[in-house]
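The next block holds one structure in the form of structure tokens; read it before the comments.
Quick note: the coordinates plus some simple rules give every number you see, no bench work behind them. It should be emphasised that the depicted structure is a prediction, and the values quoted were computed from it without experimental measurement. Note that we place each Cβ from the backbone using ideal geometry, even for glycine, and neighbour counts take in every protein chain shown.
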Amino acid sequence: MDYKRIITHVFNEITSGENLGQVSAYIPELAEKSPDKFGVYLTSLNHLEIGMGDHQEKFSIQSIAKVFSLTMAYKMLGEKIWERLGVEPSGTAFNSLVQLETDKGIPRNPFINAGALVICDILISQLKNPKAEFLAFVREITGNKKLSYSEKIAASEKATGYRNVALCNFIKSFGNIENAPEVVTDFYFHLCSIEMTCEELSKAFLYLANGGKTFDGNNPVITTSQAKRINAIMQTCGFYDESGEFTFKVGLPGKSGIGGGIIAIHPGKYSIGVWSPCLNAKGNSYRGMKFLEQFTTETRLSIF
């Protein structure tokens with residue numbers, strides 16, 4: 001497969017086309033990014049690396065970090081983790097409170113904000129220094145010792161995160177948050193503030209393309225079964241109420257963030273990071289979604 005030719009062709013086509021949507025105003029600090037930024041980076045398990053556009057510029061990965069927090073919690077608790085949250089698509093917005101009343105404080109999946117807050121609560125209960133230990137875990141599995149939180153973005157999220165505070169307190173009222181809501185939300189705001197480039201993002205997620213093992217195959221991050229299950233949840237729940245659309249058009253497990261980033265995984269083959277800050281009506285990168293749809297169409301490769 002001539003990935004370089006296809007990526008170059010698709011990237012140029014998407015760049016020359018329309019760039020609809022809006023840069024996120026949900027978190028004020030994110031609104032500073034130029035809407036014209038666009039980067040792509042593919043890393044394959046057979047050592048192929050291809051980058052295009054702004055693939056070396058850092059951006060806030062936001063909800064993509066929820067995959068790392070789920071990985072860490074799943075590694076520590078195993079299947080017990082599913083006693084506190086589900087694995088079903090929500091069909092609602094990423095910050096919706098609606099289903100929590102019906103489901104008695106059990107979030108539908110770990111990738112909506114409510115689910116990620118429960119994962120944060122689990123990690124706080126398990127770790128002595130959650131923020132430091134979580135960052136160390138992400139650095140270890142990515143092999144990138146320079147990764148860090150953005151205190152500026154975390155502060156911006158905290159200043160406007162009223163709905164996340166409401167979600168956390170609402171879940172607490174059902175007994176599914178053990179720790180103080182202000183501690184849980186502070187950890188949540190920090191993990192979402194991690195910044196990466198497309199290249200770093202692509203390499204960071206190779207463990208999910210490699211059966212739960214690091215790129216060199218020597219260090220298991222999680223079991224093969226756990227990696228399979230996380231990929232499955234990314235497939236069905238990684239794009240909130242646009243997850244079905246992404247599965248239909250792209251056909252890969254993936255996860256988006258409101259910073260405009262998307263990671264997509266082809267198990268056994270590659271991981272690809274895409275970034276373009278303009279978001280569509282569902283809160284996913286407009287160009288990122290278009291690129292991945294055309295990329296899998298032209299490669300004729302998906303998991304289906």
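Listed by Cβ neighbour count within 10 Å, with the fewest neighbours leading, 287, 163 appear as 163, 287.
Under the criterion of Cα pairs below 8 Å and six or more residues apart, the relative contact order for the chain equals 28 percent.
Only alpha carbons enter this Debye calculation for the range 182-231, each as an equal point scatterer, and the log10 of I(q)/I(0) it gives at q = 0.14, 0.22 Å⁻¹ is -0.49, -0.83. With semi-axes defined as the square roots of five times the eigenvalues of the C-alpha gyration tensor, the equivalent ellipsoid of the range 64-192 measures 22, 17, 13 Å, largest first.
Taking 22 Å as R0, compute the FRET efficiency from the Cβ-Cβ separation of residue 131 and residue 104 and round it to 0.05.
Values: r = 29 Å, r/R0 = 1.34.
It comes out at approximately 0.15.
The Cα trace of the range 1-89 gives Rg and Dmax of 17.9, 48 Å, the first to one decimal, the second as a whole number. One chain, two ends: residue 249 and residue 301. Fully extended at 0.36 nm per residue, the span grows by 17.5 nm beyond their Cα-Cα distance. Please go through the residue pairs 33/228; 104/146; 152/269; 37/131 and name each one whose alpha carbons sit more than 32 Å apart in this structure. Beyond 32 Å: 33/228; 104/146; 152/269. As a proxy for reagent exposure, ranking 100, 208 by other Cβ atoms within 10 Å from fewest up yields 100, 208. In sequence order, the range 237-242 has phi-based couplings of 10, x, 10, 6, 8, 10 Hz under the Karplus curve 6.51 cos²θ - 1.76 cosθ + 1.60, θ = phi - 60°, and Gly or Pro positions carry x. Summing Lys and Arg as +1 and Asp and Glu as -1 over all other residues whose Cβ lies under 15 Å from the Cβ of residue 300 gives a net charge of 0.
Compared with the dominant Cα axis of the chain, that is its longest principal axis, helix 162-173 is turned about 50°.
Around the Cα centre of the chain, unit charges on the Cβ atoms of Lys, Arg, Asp and Glu (plus for the first two, minus for the last two) sum to a dipole of about 500 debye.
Can you tell me the FRET efficiency between residue 169 and residue 225 if r is taken as the Cβ-Cβ distance and R0 is 35 Å, rounded to the nearest 0.05? Walk me through the numbers on the way to the answer.
Details: r = 35 Å, r/R0 = 0.99.
For R0 = 35 Å, the calculated efficiency reads 0.50.
For the chain, find the longest principal axis of its Cα atoms and tell me its angle to the long axis of helix 130-142, 0 to 90°, nearest 10. For 130-142 against the chain, the angle is about 20 degrees. When Rg and the Kirkwood Rh are both derived from Cα coordinates, the Rg/Rh ratio for the chain amounts to 0.94.
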